[in-house]
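In what follows, a single structure is set out as structure tokens and then discussed.
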Amino acid sequence: MQYGLALPNGGVDPRTMAEFAGLAEASGWDGIFIEDYIVWQGDQSVPTYDPWVLLSAMAMRTRRVRLSTQITPLARRRPWKVARETVTLDHLSNGRVILGAGLGDNVTTDVSFSALGEEMDAKRRARMLDEALDILVGLWSGEPFSFDGEFHHVKEVTLLPRPVQTPRIPIWIGGAYPLKGPTQRAARWDGACLYKHKTHYMLPDDVGALKALVVSQRGASTLFDIAVGGSQRRADWDEERAYIQSLAEAGLTWWTEYVPPDDLDKMRACIARGPLRID
């Protein structure tokens, strides 16, 4: 089991976020996961910062923790730009990057989509996402790559350098479980950071079923991460720990805890207490 700290990309300035990363590493967290909003959760009153710049600042203040977005809505990102950003961060961090990808939040309320002319149809965004993931892998290869899809077109091009990580940067897929699109997409890649449709909370049976799906499609030897959580720590720590333990027994590999934007001292205290470990 590894433990991730989920942080907002709104409401806290970049220098403080870099400080938080150093504190998180010193406090025993294994990963830092940053939201990817253009406007933080659709609230235009909240100052919002670019997640890749935040993660770069965090990379300079840490040596061990994994660094990721959770998640990047690739339908509103150019995949070749994301390829450059992720490879640059992978080199800066000496191979600690994970790419979390998905469709994004409810686009009817997220002005990052609705106010900026982005694609609103979920099925079209899903197809854009799948194309973008294939393009990312092709561009990360460091070999000549071309692509002719429904939404994206790449004439033969070679992007160097390759990522530090081999065979490539891991891709985790977010979205609602057990909806077919995100669940099948996650099984295709390297990990899942899914939440339970309607209720948010994944149960041990959900984690077990997801693990079984991956094994059935890819084999028992497949390396696959299942990350669950993404909420604030509940008041009853014993209850929380028992919940984490039940998920771990079902196949969970990462537990993530969210610290929302708040009074900075309160946020520091939540980070400094470290993860709620079960071992």
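The values are calculated or read from the model by the stated rules, or taken from the named source; none is laboratory data. This is a predicted model, so every value here is computed, not measured. No Cβ is skipped: glycine too gets one built from the backbone with ideal geometry, and neighbour counts run over all protein chains shown.
A residue that is among the aromatic types (Phe, Trp, Tyr), over 25 Å from residue 185 (Cα atoms) and either in a loop (DSSP other than H, G, I, E, B) or touching a Cys at 6+ places or on another chain (Cβ under 6 Å) (or both) can be found somewhere in the stretch 46-66. For the stretch 165-207, taking the residues that are aromatic (Phe, Trp, Tyr) and surrounded by fewer than 23 Cβ atoms within 10 Å (Cβ to Cβ), the one that is farthest from residue 126 (Cα to Cα) is identified as 201.
As for the stretch 85-92, it holds at least one residue that is under 25 Å from residue 128 (Cβ atoms), at pLDDT 95 or above, in a helix (DSSP H, G or I) and hydrophobic (A, V, I, L, M, F, W, C). Looking only at the stretch 250-273, residues that are under 17 Å from residue 28 (Cβ atoms) and without any contact (Cβ under 8 Å) to a residue 40 or more places away in the chain come to 2 in all. In the condition set (1) modelled with pLDDT of 95 or more; (2) in a loop (DSSP other than H, G, I, E, B); (3) more than 23 Å from the chain's Cα centre (by Cα), residue 147 is compliant with all but (2).
On the stretch given as the stretch 28-63, residues that are farther than 20 Å from residue 101 by Cα and among the aromatic types (Phe, Trp, Tyr) total 1. Within the option set 54, 67, 74, being modelled with pLDDT of 95 or more and touching a Pro at 6+ places or on another chain (Cβ under 8 Å) holds for one residue only, 54. Residues that are assigned to a loop (DSSP other than H, G, I, E, B) and within 28 Å of residue 213 (Cβ to Cβ) within the stretch 249-279 comprise 251, 252, 253, 275, 276, 277, 278, 279, listed in sequence order.
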